[in-house]
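To start, the structure itself, in structure tokens.
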Amino acid sequence: MKQSTVIADPARAMLAADRALEGLGIRVLSASEGRATAVLTVTPQMANGHGIAHGGLVFALADTAFAMAANTFGAGIATAEASISYISPALISEELVACAEVTFHEGRRMIVDVKVRAGERTVAIYRGTGRALRPTD
């Protein structure tokens, strides 16, 4: 997996352990100081019956950017709740860019907003709530 910019240590550790991203075609470009960017190029194999990117893959891209941004504050932040609004379809061959930003962080809870774009066009808006996992004994 290629990273072209800075990735904070806690996020880097999580990224190194993630086996799903490569199979999904998601690349993390950066993750530091509560922000992250991840990208995905839509292939024909990612299209649904309408000939556009499957919404689950758009969600996975946004959720990856969420996780990378959240985990720049420390390891062990997981998605507790998430929603997505699909604004416009993502077409085959388009590169989707998900930019995440932590907009609230207090104690074990945080909220991260993610915008997924294809060029200048907004494809989806995602909001996730993260919680720090409790250590297991």
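The values are calculated or read from the model by the stated rules, or taken from the named source; none is laboratory data. Just so it is clear, the model here is predicted, and its values are computed rather than measured. Note that each Cβ is placed from the backbone with ideal geometry, even for glycine, and that neighbours are counted across all protein chains shown. Please note that ligands, DNA and RNA were not included when accessible areas were found on the heavy atoms of the full protein model with its side chains. Shrake-Rupley method; radii C 1.70, N 1.55, O 1.52, S 1.80 Å.
Expressed as a whole percent, the accessible surface of segment 7-137 that belongs to carbon and sulfur atoms is 53, based on a 1.4 Å probe. Each label was represented as a point 7 Å from its Cα along the Cα-to-Cβ direction; for residue 41 and residue 85 these points are 3.1 nm apart. Calculate, for the chain, the solvent-accessible area per residue in square angstrom, rolling a 1.4 angstrom probe over the heavy atoms of the protein chains. So the chain comes to 54 Å² accessible per residue, rounded to a whole number.
Which one of 123, 111, 68 is farthest out on the positive end of the charge dipole of segment 27-137, using unit charges on Cβ (Lys, Arg +1; Asp, Glu -1) and the Cα centre as origin? Working it through, the farthest residue towards the positive pole turns out to be 111. Assuming charge only on the beta carbon of Lys and Arg (+1) and of Asp and Glu (-1), the dipole of the chain about its Cα centre is about 60 debye to the nearest 20. Over all distinct Cα-Cα pairs of the chain, the Kirkwood formula returns a hydrodynamic radius of 14.8 Å.
Tell me the angle of helix 55-70 to the major Cα principal axis of the chain, expressed in degrees between 0 and 90 and rounded to the nearest ten. That helix lies at roughly 30 degrees to the long axis. Legend: calculated FRET efficiency, residue 95 to residue 131, from the Cβ-Cβ distance at R0 = 30 Å, rounded to 0.05, equals 0.45. Pairwise alpha-carbon distances in segment 67-135 exceed 14 Å for 58% of all pairs.
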